[in-house]
1. Full-extension gain between residue B:41 and residue B:119, please, as 0.36 nm times their residue separation minus the C-alpha to C-alpha distance.
2. When the helix-only estimate is applied to chain B (DSSP H runs of n ≥ 4, each -39,500 (n - 2.57), divided by the residue count), what is the mean residue ellipticity at 222 nm, nearest 500 deg cm²/dmol?
3. What are the nm distances, shortest first, from residue B:21 to its equivalents in the other copies, labels at 7 Å along Cα→Cβ?
4. Dipole magnitude of the protein assembly as shown about its Cα centre, charges +1 at Lys/Arg Cβ and -1 at Asp/Glu Cβ only, in debye to the nearest 20?
5. Compare B:96, B:117, B:41 in a GNM of chain B, Cα atoms joined below 10 Å, and give the one with the largest fluctuation.
6. Got a sec? Which residues of region A:77-96 lose 20 Å² or more of accessible surface with every protein chain in place, vs. that chain alone, 1.4 Å probe?
7. Let me know the mean shielding of B:112-119 by other chains, meaning the per-residue number of their Cβ atoms within 10 Å of its Cβ.
8. Can you pull out the GluC sites (Glu not before Pro) in region B:1-97 whose DSSP state is coil and whose Cβ has at most 12 other Cβ atoms within 10 Å?
2 protein chains.
Amino acid sequence: MSKTRLNQLGDLQLKIMKVLWERSEATVAEVHETLARELDLAYTTIATMLRKMEGRGLVKHRVEERKFIYRPQVKEDEVASKMSAHFIEGLFEGSLADMMSHLLSTQEISREELERLEKMIAERKKKL
Amino acid sequence: MSKTRLNQLGDLQLKIMKVLWERSEATVAEVHETLARELDLAYTTIATMLRKMEGRGLVKHRVEERKFIYRPQVKEDEVASKMSAHFIEGLFEGSLADMMSHLLSTQEISREELERLEKMIAERKKKL
DNA sequence: TTTACATTATTACCACGGTAGTATTACCTT
DNA sequence: AAGGTAATACTACCGTGGTAATAATGTAAA
């Protein structure tokens, strides 16, 4: 198992995981194809990356008619949590509010988004 | 110049930058000492890292009585913004609300923090 | 059955973050 | 003047993300 460090996936690894999360499983070709519109990578690049990721325990594969079918070995939520925590820790001393404060004052945000945020927080407050 | 990729600083680099940002400038010894409680790193590790960071344009140094005095070449806000944007992009398709939604449902958050968030958002809404 | 094609295997690189030992230099103290 | 000390310079190494070319292999088509 080796409890892969989920707190830091590379950009490409993340993109690959996203494809896998969305489809539950996929062949190398499918992943490659899905990412093709976004990234111009060689087929073998994806294949290599997936193999490496399997080494890290991020994915696992089975064989079916000569093809490798990969599926995630870690949950998206888990990864998102670990990565978020790590990120917020490193940049905002772990304070979610500090991060939001910074984001609110620097990022472009629509009224809709603000309202969504407002609702979420209100909702969350109830659960306490 | 090379417009250093501010969107991705390593953990150690960030920690070093934080020291520099806080003090405006510092010698290798000061950085090393400041981080000592947290990290057990060789003096030369810090020195090397700072030299590498200077190569990337993150810091700059001047010499004073035989010592290198380093100062940041990039602003904390700028780095925080770039890194945040990159992070949110990679994990939440760029949606701040999506990130918050995830964070709110998985992270431990105190009532105080929630209220702080609430106020911030209300405040931010006014400015629109 | 030969050939083309799809797929994985093998191997190789590069960049960079991180880590640090050893060498050199220069200053300061006896 | 010799020797200690503090600082930087140089060099080296490892892990890993990313990228991919080439080789091998098996399958399907002609």
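1. Stretched fully, the residue B:41-residue B:119 segment lengthens by 24.0 nm.
2. -19500 deg cm²/dmol
3. Label-point separations across copies, in nm and ascending: 2.6.
4. Dipole size: approximately 380 debye.
5. B:117
6. A:77, A:80, A:81, A:83, A:84, A:86, A:87, A:90, A:91, A:93, A:96
7. So the per-residue partner count for this stretch is 5.
8. Values: sites: B:22, B:25, B:30, B:33, B:38, B:54, B:64, B:65, B:76, B:78, B:89, B:93; in loops: B:25, B:38, B:65, B:93.
Passing both the DSSP loop test and the Cβ count: B:38, B:65, B:93.
The values are calculated or read from the model by the stated rules, or taken from the named source; none is laboratory data. On a predicted model such as this, the values are computed, not experimentally measured, just so you know. Positions of Cβ are backbone-derived with ideal geometry, glycine not excepted, and every protein chain shown enters the neighbour counts. Just so you know, the surface numbers come from the protein's heavy atoms only, side chains and all, with ligands and any DNA or RNA stripped out. Shrake-Rupley method; radii C 1.70, N 1.55, O 1.52, S 1.80 Å.
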